[in-house]
Every structure is written in structure tokens, then in C-alpha cells.
Amino acid sequence: MTDTEEIRLEPCEPGVLTPAELKTLFLFEKLTDEQLTWIAEHGCTVRVAAGNLVIREGDPAEAMFVLLSGTISLTRRVGQDDVVTTRTEQRGVYMGATNAYLRDDGVPRNYMASMRALSDSEFFMLSATDFGWLMREWFPMAIHLLEGLTLGLRNTQAAIGERQRLAALGALSAGLMHELNNPAAAASRATGALRQRVAAMRMKLGKLAAGKVAPDRLTALLELQEEVIERAAKAPALTAMQTADLEDELGDWMEERGVTAPWDVAPVFAQGNIDTECLSQIEARLASPELLDQAIHWIGYALETEQLMSDIEDATGRVSSLVLAAKRYSHLDRAAHQWIDVHPGLDSTLVMLAHKIGDVRVVKDYDRSLPQIPAHPAELNQVWTNLIDNAFQAMGGEGTLTVRTYREDERLVVSIGDTGPGMPPEIRKRVFEPFFTTKPVGEGTGLGLDISYRIVVNGHGGDLTVESQPGDTKFLVRLPISESPAA
Ligand SMILES: Nc1ncnc2c1ncn2[C@@H]1O[C@H](COP(=O)(O)OP(=O)(O)OP(=O)(O)O)[C@@H](O)[C@H]1O
Ligand SMILES: [Mg+2]
């Protein structure tokens, strides 16, 4: 590992290379004799024995190296592994402080990669200060262009990253709005209807009180009302066909007895599964035919307001659970790094993406006995969202999404499977690259899997892989179960 390994370079020897020899290196081939002399005087030659580290990724970039002989490898740290990016024996290749000429913007420049000598090697070395000076002094125009390129690229990337986050937030709130819209509209419709019914009940009560109804009859009526409501609440739901039949029966019964507007009230009683037998009991208990019409309407209002109130309760309950899911999703309510069960995050992601499910069948195959793992829950939710979103997009509205969790040695595995067309090997190889997308311009940024990969691999010391064939694509997230130092 390069972390702790010491770098012991032999003393650098000045004056080994003549200006003429320097000219044979492609980097210096177009320089004037005067310039070559300056470089020969300021640089030096260093020998490194096979196996030794020459520079370490992340250390301050103090020197620029040009390979004179030998074989070297460049590695970069990805998660907990060193990934070899280059292996070369080409004379003249350069590495190290190659950015030293950039305007100092307060950000310390570090080596971007580690370099190791694989065989006994020899380098020409120039300090970052000298290299920066000669570039700025001799090639001012090139520096402007290079700065434009490097800084421009960096700004573009920052702006795109910002946009991606904004777009993600936008998509999240759009999804949430979409989900909240239905119950909110339902609640507000029911509230409007409820207001009308309550007003009508006040009127009806006035009429009942003004009529010659004995107080004990009124009490009986209120008792009946409570009984009917209770009965309606407990009654099993009827099918549409049964409800229609009941409605007819009730309407006829009311019509025979001269109840006003029987076809308006009958549906209310049918909805509450109140049959003619129950109405006959009401009739008997009232023992006054002239009161029946008033009583039926009164009880009808009571039933209706009860139904409207449970509609409102239902709708607002759904709003609350959505807000709870969103809150859990963004983890405003919890600290960043903690021991978590992965399942609530998977569930709340599915709730968040409910508007994209369409006709897709969602199968959850959870191993609930899995232990808690150390993780950043909000970041993992981003991973679930990106993977599940991709799966829905791949399936285009129909198929099966399978969310599976299981244990594999010391790893917890979350598998997101879809029955979409999958990807051919040449695409599969590239899906984790930033900005790689097969979606039309404006639809995909190609950052979803790149972000997910970095969260899983760098942030959690885990692993993200894909297996794909037509009709069966699986993204596998492996997370360490025991605490790892990098997590
Ligand atoms: N489940 C999948 N089935 C088939 N192809 C997939 C699947 N998931 C990802 N891909 C491929 O990988 C590419 C990269 O995915 P990624 O999530 O990084 O970006 P994107 O989905 O194109 O864009 P964004 O995530 O920003 O909307 C996709 O364009 C698609 O070609
Ligand atoms: Mg995506």
C-alpha cells in the first residue's frame, strides 16, 4: 500500500544531461539552445531502484519527472484499491507537477497519481517552481490557452454538478408534488361537500325542532342516527353490483312511503350497507309516519358526513405518510453516519418513485434478519433512487422490478433487478463512467451511476456491479457488514 510507504530517492545529480541530450526528449525538442542550457542547469538526474515508489498521490506536487530509462507504473486510489492507470517504458514520458504553470489560485497542487519504478529507472527532474517559471516566461500565450482550458473545464464541471444536484432536487420535489396532489385534492373536495352537508343538517335540525316533535321522539331519532352510523362503519364493503341492487330496493321502499327525493337519499344508505330491514326498524321505532321523511333525510346527512370525514382522514393520512417518507428519504431528522437497517430506505424510495411504477410489478424479497450496517442513509437513498429509476426507465412502464436483500459472507447485498432489454457488453463496460448515457439529450445526464458508484465504493467501502442479459438486468450493491476504517 502506498499510504505508509516511505519515499527514499537517491540524491539528484545535476549536469548529467547535456543540452543536446535533452533535445532528444520529445518534450524539449523544439526549444532553443539557450533554453535547453537553462533547463540543463536547473534540472538534475535521479536513479530509482526497481520496486520503489517515486511519487505518492496526494503529496504536494514539487517536481516534474521525465522518464529517461526503465519501466514505471502510475496508480490511482479508487476506494480502497490502487488501480493501475498506466504502465510504460516510453522514453520521454513526463509526470508529476505537470500543472505547475497554472495561475496560483490558492489551491495547493498535489500529485494526481502515484508512480512506482517497476525496473531500475532513471528520470530527469525539474522542480515545480522552475518548470512553472519557464512555462510562464517562455510560452505566455500557451499558458493563457491552457489555463482557459483547465479552469474552464473545472468550472463547467462544477456548474454541471450543481445543476445535477438541482435537477435531482427538482425531480424529487416534482415526484413528491405529484404524489401529494391526489390526496390533497381529494381532501379539499371532501371538505367542500362536508361544509354543504353540515349546513343542511343545521337547517334540518331547525325544522325538526320547530315541528311538533315530542322531545322523546327527538331523542329516539338521535339514538337511531348513532346506531345507523355504527352499523355503516362495521358493514362489509359491497361490490358495485350489490350496491346498485340495494339502491333500487331502498329507493322503492322510500317511494312507497312517500319519502321526498328518495333517489337522492337511497345511494347514501346503500353506500353504508343499510338495508330495507334496517329502515323498517327505524320506521317502527319512530312510531310516527309523518316523522319518517324527516328522519330518513336526517340520518342520510349523518351517514354522508361520516363518510366524507373518513375520506378526509384517509387523504390526510396519505399526505402525512408521504411527508414522512420524504423526510426519512432526505434524512433531515437524523445524523449523517449511523447504523441502519437498509429496508426502510428501500421502501421509502419506492414510495417516492411510486408515480413511475405504472404497470410494473414490484417484488420485494427482503431478508429481514440482516444486521444493521454502518452507513450514510441519505446517500444510500440516492443510490437506490438512481438504480430503481434506471430500472423503471429501462422497462418503459411494464415488467417486473425485483428488490432483493441477502447476505453474502461479510457483505450485505442489495440487488435491483429489472426485466428490461438489458445492455450489450460494450455499453455495460461504460455505464459507470461519468456523463455516459444512452438517453436522448436533455433526458439523462449520465451521472446517476457515477454518483452511485462513488457513494458505494468510496463512501462505504462497498462494491457496485452489474449483470445483464436481455430480460434480466441486476445491479448489485455490496456493503460491508462490519465497520471498515474507510466507511
Ligand atoms: N437497468 C438498466 N437497464 C439497461 N440499461 C441501463 C440500466 N441502468 C443503466 N443503464 C444504462 O446506463 C446508462 C447510464 O446510466 P446513468 O444512471 O449513469 O445515467 P442516465 O440514467 O442515462 O442519466 P440520469 O441518471 O442522469 O438520468 C444509461 O443511459 C443506460 O444506457
Ligand atoms: Mg440514471
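Quick note: the coordinates plus some simple rules give every number you see, no bench work behind them. All of these numbers come straight from a predicted model, not from anything done at the bench. Because the Cβ atoms are built from the backbone with ideal geometry, glycine has one as well, and the counts that use them run over all protein chains shown.
Over region 1-63, what is the mean sequence separation of C-alpha contacts under 8 Å (at least six apart), divided by residue count, expressed as relative contact order in percent?
On the way: 60 pairs, mean separation 29.0, N = 63.
Across region 1-63, relative contact order equals 46 percent.
Please turn the phi angles of region 236-251 into ³J(HN,Hα) values with the Karplus equation 6.51 cos²θ - 1.76 cosθ + 1.60 (θ = phi - 60°), one per residue in order, whole Hz, x for glycine and proline.
Coupling constants for region 236-251: x, 5, 9, 6, 4, 5, 4, 4, 4, 4, 4, 4, 4, 4, 5, x Hz.
Given a cut-off of 31 Å, name the pairs among 234/356; 30/429; 356/429; 327/364 whose C-alpha atoms lie farther apart than that in the structure shown. Spell out each step's value before the answer.
Details: 234/356 35 Å; 30/429 40 Å; 356/429 27 Å; 327/364 22 Å.
As for pairs spanning more than 31 Å Cα to Cα, those are 234/356; 30/429.
Which whole-number percent is the relative contact order of the chain (Cα, under 8 Å, 6+ apart)? Each step should come with its number before you reach the end.
Details: 736 pairs, mean separation 50.3, N = 487.
Reported relative contact order: 10 percent.
With the calculation restricted to Cα positions, what are the radius of gyration and Dmax of region 337-480 in angstrom?
14.4, 43
Residue by residue, what Karplus-based ³J(HN,Hα) values in Hz, rounded to whole numbers, does region 337-348 have, using 6.51, -1.76 and 1.60 with θ = phi - 60° and x for Gly and Pro?
Using θ = phi - 60°, the values come out as 10, 7, 8, 9, 8, 6, 5, x, x, 5, 4, 5 Hz.
Provide, as a two-decimal number, the C-alpha radius of gyration of region 175-322 over 2.2 N^0.38 Å, N being how many residues it has.
Numbers: Rg = 17.0 Å, N = 148, 2.2 N^0.38 = 14.7 Å.
Relative to the 2.2 N^0.38 Å estimate, region 175-322 comes out at 1.16.
Rounding to the nearest 20 debye, state how big the charge dipole of the chain is about its Cα centre with +1 on each Lys and Arg Cβ and -1 on each Asp and Glu Cβ. Please report the intermediate quantities before stating the final value.
Numbers: 46 positive and 69 negative charges, 155 e Å.
With Lys and Arg at +1 and Asp and Glu at -1, about 740 debye.
Under 5 Å between amide H atoms, partner at least 5 residues away or on a different chain: which partners does residue 86 have, H built in plane at 1.01 Å?
Here 74 satisfy the definition.
Please return the longest range in the chain lying between exposed loop sites, taking GluC sites (Glu not before Pro), DSSP loop only, at most 13 other beta-carbon atoms within 10 Å, and leaving the sites out. It would help to have the intermediate numbers written out before the result.
Working: sites that count: 5, 6, 29, 89, 398, 410, 443, 483.
By the stated rule (loop sites, at most 13 other Cβ atoms within 10 Å), 90-397.
Let me know the charge dipole size of region 337-480 about its Cα centre in debye, to the nearest 20, where only the beta-carbon of Lys, Arg (+1) and Asp, Glu (-1) is charged.
Working: 14 positive and 19 negative charges, 11 e Å.
Around 60 debye, computed over region 337-480.
Which of the trypsin sites (Lys or Arg not before Pro) across region 198-242 are loop residues per DSSP, with 15 or fewer other Cβ within 10 Å? Before the final figure, lay out the partial values.
Numbers: sites: 202, 204, 207, 212, 217, 231, 234; in loops: 212.
When the trypsin sites (Lys or Arg not before Pro) of region 198-242 are filtered for loop state and at most 15 Cβ neighbours within 10 Å, 212 remain.
Using amide H atoms built 1.01 Å from N in the peptide plane, name the residues 5+ places from residue 16, or on other chains, whose amide H lies under 5 Å from its own.
The list, which skips near neighbours in sequence, is 45.
Quick one: helix 289-330 against the long Cα principal axis of the chain, what's the angle to the nearest 10°, folded into 0 to 90?
Helix 289-330 sits roughly 10 degrees off the main axis of the chain.
Give me, ordered by chain and number, the residues 5 or more places off residue 54 or on other chains with an amide H under 5 Å from its own placed amide H.
115, 116, 117
Cα extents of the chain along the three principal axes, largest first, in whole Å?
Taking max minus min along each principal axis of the Cα atoms, the chain gives 124, 48, 37 Å.
Please identify the cysteines of the chain that lack any partner cysteine with a Cβ under 4.7 Å from their own Cβ.
278
Which whole-Hz ³J(HN,Hα) couplings does region 380-393 yield from phi under the Karplus relation 6.51 cos²θ - 1.76 cosθ + 1.60, θ = phi - 60°, glycine and proline marked x?
My calculation for region 380-393 gives 4, 4, 4, 5, 4, 4, 4, 5, 6, 4, 4, 5, 4, 5 Hz in order.
Could you tell me which of rounded, prolate or oblate describes region 13-138, using a ≥ b ≥ c as the square roots of the eigenvalues of the alpha-carbon gyration tensor, with rounded for a/c under 1.5 and, failing that, prolate when a/b is larger than b/c and oblate otherwise? It would help to have the intermediate numbers written out before the result.
Working: a/c = 2.22, a/b = 1.28, b/c = 1.74.
Note, shape of region 13-138 comes out oblate.
Helix-only estimate, please: 222 nm mean residue ellipticity of the chain, summing -39500 (n - 2.57) across DSSP H runs of length 4 or more and dividing by its residues, to the nearest 500. Show your work: numbers first, answer last.
Details: 13 runs with 236 residues, N = 487.
One gets -16500 deg cm²/dmol as the mean residue ellipticity at 222 nm.
Determine the relative contact order of region 13-138: mean sequence separation of Cα pairs under 8 Å and six or more apart, normalised by residue count, in whole percent. Walk me through the numbers on the way to the answer.
Numbers: 263 pairs, mean separation 42.7, N = 126.
Relative CO of region 13-138 lands at 34 percent.
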